[in-house]
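Participant: I have a structure I would like to understand better, so I am pasting it below and will then ask my questions one at a time.
The values are calculated or read from the model by the stated rules, or taken from the named source; none is laboratory data. Bear in mind that the values here come from a model prediction, so they are computed numbers and not experimental data. All Cβ positions, even for glycine, are placed from backbone atoms using ideal geometry, and neighbour counts span all protein chains on display.
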Amino acid sequence: MNASVIYILWKRQLKKYFRSKSRLIGSIAQPLLFLLAFGFGFNSIFMQAGQGNYFQFLAPGIISMAVLFTSIFIGIEIIWDRQFGFLKETLVAPVSRLEIMTGKTLGGATIASMQGIVVMIISMFVGFVPQSLPMVFVALGFMFLISTLFAAIGTAIASLLEDMQGFQLIMNFFIMPIFFLSGALFPLDGLPDAVAIISKLDPLSYGVDGIRAALTGVTYFGFAVDFIVLGISAAVCLAVGSYLFSKMQI
């Protein structure tokens, strides 16, 4: 695998994203809306239930939300590139599709991680306090794993879709349930059995738990389980995404 080709595609992905100021603002606005509306709106109820400060609990989940949506949207960009012919220009280059997919995925993962960092910094200005500054770097590692996983999933989905008509269906019946059932907005303790099983099958649950454990010291699955599940899930999705991308017709 040619590392220089992957680096060029990674760099190109970053330049393409940061040229669009509206996308930058839009990708931060929604997580901040959730953070402020839910954090301050339900904090008193959460404290009355004896669960502590809801803002401290919620912030890691919203950071994960920013990473999730940014990474999945970047994967879906392949559909736009295919429709307008940009993807064909890339695929005719004398490089393997595996290198193209890897460069795009790593670029998307980097952008999504940076978005997570921005949301984390803003959350600190409005009241969130990490338990330890060195553990912030552990949280960054989990952000990168989440973004790699869902950028690969986005690439796999985009390889199967020919246009954007199915995108809304994917958002409503795949991405939103992944977020809402991950424990980002509520604790996983005491859930009904059916919901608890689904949450444990949700890979984002382990990312949210890993970031929350690093930033607040509160964990449900444990660091080791979070890292292993996320790592394996990311590797599997990268393999599946690479295969589907290699078979994609343009």
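Participant: Hey, can you tell me all the residues within the range 127-169 that are free of Cβ contacts under 8 Å to residues at least 24 places away in the same chain and closer than 25 Å to I198 by Cβ?
Facilitator: Once the filter is applied, which keeps residues that are free of Cβ contacts under 8 Å to residues at least 24 places away in the same chain and closer than 25 Å to I198 by Cβ, the range 127-169 yields G166, Q168, L169.
Participant: Please verify whether the range 152-167 includes one or more residues that are outside any helix (DSSP H, G or I), under 16 Å from S64 (Cβ atoms) and under 17 Å from the mean Cα position of the chain (by Cα).
Facilitator: Checked against the condition, which is being outside any helix (DSSP H, G or I), under 16 Å from S64 (Cβ atoms) and under 17 Å from the mean Cα position of the chain (by Cα), the range 152-167 yields no hits at all.
Participant: Taking M143, is it at pLDDT 85 or above and surrounded by 21 or more Cβ atoms within 10 Å (Cβ to Cβ)?
Facilitator: Yes.
Participant: Applying the selection to the range 185-214, what residues are of a type in the set (A, V, I, L, M) and at pLDDT 90 or above?
Facilitator: Across the range 185-214, the qualifying residues are I197, I198, L201, L204, V208, I211, A213, A214.
Participant: Kindly establish whether S96 is modelled with pLDDT under 85 and not aromatic (F, W, Y).
Facilitator: yes
Participant: Give the range 179-235 a look and list any residue that's among the β-branched types (V, I, T), surrounded by fewer than 18 Cβ atoms within 10 Å (Cβ to Cβ) and in a helix (DSSP H, G or I), or say none.
Facilitator: Answer for the range 179-235, where residues must be among the β-branched types (V, I, T), surrounded by fewer than 18 Cβ atoms within 10 Å (Cβ to Cβ) and in a helix (DSSP H, G or I): V195, I197, I198, V225, I228, I232.
Participant: Restricting attention to the range 168-179, and to residues there that are over 13 Å from the mean Cα position of the chain (by Cα) and more than 21 Å from V236 (Cα to Cα), which single residue is modelled with the highest pLDDT?
Facilitator: F173
Participant: Can you find a residue that is within 25 Å of I232 (Cβ to Cβ) and either among the small types (G, A, S) or in contact with a Pro (Cβ under 9 Å, 6 or more places away or on another chain) (or both) anywhere in the range 184-193?
Facilitator: yes
Participant: Sticking with this structure for a sec: Of the residues that sit in the range 99-133 and are aliphatic (A, V, I, L, M) and outside any helix (DSSP H, G or I), which one is modelled with the lowest pLDDT?
Facilitator: V126
Participant: Within the bounds of the range 65-76, is there any residue that is under 24 Å from A234 (Cα atoms), among the hydrophobic types (A, V, I, L, M, F, W, C), in a helix (DSSP H, G or I) and modelled with pLDDT under 75?
Facilitator: Checked the range 65-76: at least one residue is under 24 Å from A234 (Cα atoms), among the hydrophobic types (A, V, I, L, M, F, W, C), in a helix (DSSP H, G or I) and modelled with pLDDT under 75.
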